[in-house]
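So the structure is just underneath, and the comments pick up after that.
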Amino acid sequence: MAFSGLLRPAVLAASRSPRIERTITRMPVTKKVVDRFVAGETEDAAVSTTSALLRSGRLVTIDYLGEDTTDLDRAQGTVAHYLRLLSALSKGRAEDDQPVRPLEVSLKLSALGQSLPRNGYAIAREHAHQICTAARDAGIWVTIDAEDHTTTDSTLAIVRELRLDFPWLGTVLQAYLKRTEEDCRMFAGTGSRIRLCKGAYREPAKVAYQSRAAVDESYARCLRVLMEGKGYPMVATHDPALIDEALRYVHETGRSSGDFEFQMLHGIRDAEQRRLVAAGHALRVYVPYGDQWYGYFMRRLAERPANIAFFLRSFGRNR
Ligand SMILES: Cc1cc2nc3c(=O)[nH]c(=O)nc-3n(C[C@H](O)[C@H](O)[C@H](O)COP(=O)(O)OP(=O)(O)OC[C@H]3O[C@@H](n4cnc5c(N)ncnc54)[C@H](O)[C@@H]3O)c2cc1C
């Protein structure tokens, strides 16, 4: 317990260090561990993983990896990449007017220019607007991911603006932030799609609950607000206790399987994903791909001491 309590902040700090990134990404052994969490580096790999998941009855959200972009060309490159992906995903699909879209893309505003020193807000909003327009034409949903707490106000403001044109646009709220219960109330109205997760970044005690128990209690309170609201809750967790809690709220509030969905990450608790689908629930898998996997990979390591141990053991096996 103390070990994991110390390790998590250290791994999360390393996730933002360019020096450690250079070291870790150059190690051949890293790739094998990364493959567990990331669908691959190419669009073809993402599309093929997506097809297999759809065939197994799961829904999918695809994330083109990248974050904290400080360069306009790179942000524009990310937009172009999403537009190509949406075009590839829409090919050969039958006209689809299902209320729950089987396909979604997830976006990080920091990859679209949010942190550029000049006009970052307007640039990210415009870039997200272009992607939402293409997604709407392709019959695909979009959800805007949550990043560290310094971006929350700006991200939610952009989401509010975009929802005027794209009322189906989803976003993410993080239960570890103390503000989130109130944000859930603001976003629990008709048509709103909120993915509730625990939160994956390193946050100070001023803004975020630090203990596992406090985060879990906050998650349960936030989930209740969303389930009692009029929107479409997206229950993003692998935690068995919270999955049970969600099913209890679903029962109490009389929601049916088209009124909410579970979400899990690619490569985590596959058997549980299949079990929930077999029980008649909607379950969406978050499929990340691309070569900018470092930050995402380190956050997955930080979540579980066993993942770090697995990573370290793989050195021994490959020496
Ligand atoms: C679909 C989806 C989208 C997300 N989007 C965001 C986002 O936009 N912003 C954000 O900050 N966070 C996001 N997250 C990450 C989230 O905040 C958590 O960090 C992550 O889901 C782990 O929390 P947990 O709820 O699964 O509970 P935990 O208590 O961390 O885990 C519960 C159990 O799940 C399994 N598990 C959890 N994580 C791992 C792992 N890495 N490897 C292996 N097993 C694991 C273990 O069995 C563990 O005991 C997202 C998560 C999901 C599922």
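See the values below:
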item	result
Top-ranked residue in region 86-101 [being within 18 Å of the chain's Cα centre (by Cα) and modelled with pLDDT under 95; ranked as surrounded by the fewest Cβ atoms within 10 Å (Cβ to Cβ)]	100
Matching residues, region 207-234, being open to solvent by less than 20 Å² (accessible area, probe 1.4 Å), assigned to a helix (DSSP H, G or I) and over 15 Å from residue 260 (Cα atoms)	215, 218, 219, 220
Residue that is nearest to residue 147 (Cα to Cα), among those in region 165-181 that are within 9 Å of the ligand (Cβ to nearest atom) and not hydrophobic (A, V, I, L, M, F, W, C)	174
Scope region 181-202; condition of a type in the set (D, E, K, R), within 18 Å of the chain's Cα centre (by Cα) and at pLDDT 95 or above; matching residues	183, 193, 195, 198
Some residue of region 240-253 being under 19 Å from the mean Cα position of the chain (by Cα) and surrounded by fewer than 15 Cβ atoms within 10 Å (Cβ to Cβ)	yes
Some residue of region 264-280 being open to solvent by less than 10 Å² (accessible area, probe 1.4 Å), under 21 Å from residue 218 (Cβ atoms) and within 15 Å of the ligand (Cβ to nearest atom)	yes
Wholly enclosed helices (runs of 4 or more DSSP H) of region 117-206 bearing at least 1 residues of a type in the set (Gly, Ala, Ser), open to solvent by 20 Å² or more (accessible area, probe 1.4 Å) and closer than 30 Å to residue 87 by Cα	120-138, 152-165
Tally of residues being more than 8 Å from the ligand (Cβ to nearest atom), of a type outside the set (Phe, Trp, Tyr) and touching a Phe, Trp or Tyr at 6+ places or on another chain (Cβ under 7 Å) across region 197-214	2
Filter pass, residue 108 being basic (Lys, Arg), crowded, with 20+ Cβ neighbours inside 10 Å and either out of contact with any helix residue (DSSP H, G or I) (no Cβ under 8 Å at 6 or more places or on another chain) or within 30 Å of residue 311 (Cβ to Cβ) (or both)	yes
Matching helices (runs of 4 or more DSSP H) fully within region 243-319 where at least 1 residues are more than 19 Å from residue 60 (Cα to Cα) and touching a Lys or Arg at 6+ places or on another chain (Cβ under 8 Å)	294-303, 305-318
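For (1) at pLDDT 80 or above; (2) touching a Ser or Thr at 6+ places or on another chain (Cβ under 8 Å), each residue gets a yes or a no:
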{"residue": "23", "(1), (2)": "no, no"}
{"residue": "26", "(1), (2)": "no, no"}
{"residue": "30", "(1), (2)": "no, no"}
{"residue": "36", "(1), (2)": "yes, no"}
{"residue": "40", "(1), (2)": "yes, yes"}
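The values are calculated or read from the model by the stated rules, or taken from the named source; none is laboratory data. Computed from a predicted model, the values in this text were never measured in an experiment. Cβ coordinates were reconstructed from backbone atoms using ideal geometry, including for glycine residues, and neighbour counts include every protein chain displayed. Surface areas here come from the heavy atoms of the whole protein model, side chains and all, with no ligands, DNA or RNA. Shrake-Rupley method; radii C 1.70, N 1.55, O 1.52, S 1.80 Å.
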